[in-house]
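Let me begin by presenting the structure, written as structure tokens, before commenting on it.
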Amino acid sequence: MKLIFFFIIFFSFTSSKSKLFDAKQFKLENGLQVIVIENSRAPVVSQMIWYNVGSIDEKFGKSGLAHFLEHLMFKGTKKYPSGYYSKYISKNGGTENAFTSFDYTAYYQIVPTEHLEKIVELEADRMINLTLTDEQVETEKKVILEERYQRIDSKPSAILDESIRKSLFPNHTYGTPIIGWEHEIKALTIDDVRKFYNDYYNPKNAILILSGDVSLKKAKEFSKKYFGKIKVKNQININRIKLNDPVLRTNIRINYDDENVKQKIWKRSFKTSSYKESIKNGIALDLGLKILTGGSTSILYRELVEKKKLVSSIGGYYQGMSRDKATVNFYAIPNENVEISNLEKQIYEIMKKSVVNGITEDRFTLQKKKYEYESIYLRDSIFQPAQIVGEALSVGIALEEIERWDEFLNEITIDDVKNELKKFIKNNNYVTGLLG
């Protein structure tokens with residue numbers, strides 16, 4: 001399974017005052033929220049179901065449970081045994097996958113329109129009728145442990161990232177890796193999985209999104225026919241314990257040396273506000289960081305790679321789509337004999353000067369235009385609107401706010417961008433890592 005994250009593509013811009021996706025929504029009696037995004041340009045439809053549960057909801061000592069269940073959801077039901085769902089999609093020219101985040105777990109399929117009713121039926125069936133055996137759980141556990149080895153334990157950069165995040169979120173479950181700690185994955189049992197499934201995989205804890213060649217009438221018909229008959233398994237109230245982290249008052253640096261690393265990598269992760277806290281401030285910060293660190297045309301790249309030749313690469317990005325605190329992540333590959341302290345000093349000096357002189361009206365306008373062009377592509381897509389809307393709803397942003405994203409963007413001035421960058425430069429809530 002892929003743990004995928006879509007952040008950058010969400011921030012689309014349109015010059016019109018129309019709704020971004022013109023999505024329709026309704027709710028079934030059992031609490032299932034349904035979103036319909038009609039797009040009849042091609043006879044294809046995407047179904048996504050988002051469960052309001054992620055690794056943030058795991059109890060301490062049970063890390064990796066949300067991701068583990070994501071894998072096991074493909075093991076089948078009594079009516080449709082293991083492999084049936086995937087084979088049905090494949091033989092009819094469709095695709096499918098799933099992913100787990102800190103805040104949510106999502107499953108999706110893309111199929112020709114004539115197969116929509118069947119995949120709605122299959123998805124509803126596994127929401128309530130998943131069957132598991134001890135053998136399946138233990139076999140899949142080995143698969144996940146191998147996945148962890150391939151993605152993290154055998155990659156020095158990923159090992160460093162894991163340590164940086166744990167130091168940045170020392171008390172919050174955002175500091176626990178989504179895939180889980182190795183020793184805790186090994187200890188997970190079939191009873192752990194079943195309880196997690198029964199607690200969270202309920203219609204009242206899910207969002208169904210149908211995007212593409214589907215009418216609102218058909219969406220209501222199919223969702224009521226298959227999901228509407230599902231009773232909530234229990235009346236558990238999902239009350240998350242909000243675990244706040246202390247303010248970082250010390251200068252935390254993490255060094256990881258590996259003999260296979262041929263070139264140093266410098267990283268710095270900041271804890272900051274999310275889009276949920278303020279959409280306008282989040283967009284302003286994102287715009288500013290794209291101008292400063294977004295690719296080979298950015299200010300930092302031109303100054304440190306092309307002019308001063310201190311690094312061979314540098315970049316940074318905002319990950320603002322989160323239920324709780326968001327992050328900004330910087331990275332650089334210093335050239336040989338470059339002192340890290342000098343590199344850090346140069347980065348901050350350039351950022352400070354850029355806020356005064358480098359963030360010009362031309363740069364600001366150009367960055368807005370890039371959003372406009374991206375939005376044209378997004379509106380024609382079958383899958384991306386469902387991805388964008390689902391992720392935003394899952395972290396607590398209302399559909400009305402998503403539809404008005406272009407209005408938020410239009411309101412932002414160059415002064416808003418500069419003010420957010422000034423606040424960011426003063427942000428001392430960060431952890432630095434060096435891979436060598």
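Observations on the structure shown:
- Stokes-Einstein translational diffusion, the stretch 239-390 - Kirkwood Rh over all Cα pairs, 0.692 mPa s, 37 °C, in µm²/s: 184 µm²/s
- In this label model, Glu411 and Val356 are separated by 3.1 nm, measuring between points 7 Å along each Cα→Cβ vector.
- Relative contact order of the stretch 141-197, pairs being alpha-carbon contacts under 8 Å that are 6 or more residues apart, as %: 34 percent
- Modelled spin labels at Ile159 and Leu243, positioned 7 Å past Cα toward Cβ, are 2.4 nm from each other.
- Note on Thr250 and Thr113: with the Förster distance fixed at 41 Å, the Cβ-Cβ geometry gives a FRET efficiency of about 0.10.
- One decimal place: the segment Gln263-Asn198 gains 18.7 nm when fully extended, by the rule 0.36 nm per residue minus the C-alpha distance.
- Under 16 Å of direct C-alpha separation, and excluding same-chain neighbours fewer than eight residues apart, Lys309 reaches these aspartates and glutamates: Glu336, Glu339, Glu344, Glu349.
- Volume of the Cα convex hull of the stretch 248-293, divided per residue and given in Å³: 126 Å³
- Pairs beyond 28 Å (Cα-Cα), from Lys24/Lys231; Lys276/Lys423; Lys142/Lys231; Lys242/Lys352: Lys142/Lys231; Lys242/Lys352
- Over the chain: helical MRE at 222 nm, DSSP H runs n ≥ 4 each giving -39500 (n - 2.57), nearest 500: -12000 deg cm²/dmol
- Considering only the chain, percent of DSSP beta bridges that pair antiparallel, nearest 5: 80 percent
- The percentage of C-alpha pairs in the stretch 174-328 whose separation is greater than 24 Å is 64%.
- Distance between the stretch 314-350 and the stretch 131-156 - C-alpha centres, whole angstrom: 32 Å
- In this structure, Tyr377 and Asn129 have a Cβ-Cβ separation that, at R0 = 51 Å, corresponds to a calculated FRET efficiency of about 0.85.
- Within the stretch 252-396: Cβ-based charge dipole about Cα centre, in debye rounded to nearest 20 (Lys, Arg +1; Asp, Glu -1): 320 debye
- About the centre of its Cα atoms, the chain shows a dipole size close to 440 debye [charges on the beta carbon of Lys, Arg (+1) and Asp, Glu (-1) only; nearest 20 debye].
- Rolling a 1.4 Å probe across all protein chains gives Thr293 an accessible area of roughly 0 Å².
- From the largest down, the chain spans 64, 52, 39 angstrom on the principal axes of its Cα atoms.
- Inter-probe distance in nm under a simple model that places probes 7 Å from Cα toward Cβ, at Lys426 and Arg151: 3.8 nm
- With R₀ fixed at 51 Å, the C-beta to C-beta distance from Thr139 to Lys19 puts the FRET efficiency at about 0.65.
The values are calculated or read from the model by the stated rules, or taken from the named source; none is laboratory data. Not measured: the values here are computed from a predicted model. Reconstructed Cβ throughout: ideal geometry from the backbone, glycine too, with neighbour counts over all protein chains shown. SASA here: full protein model, heavy atoms, side chains in, ligands and nucleic acids out. Shrake-Rupley method; radii C 1.70, N 1.55, O 1.52, S 1.80 Å.
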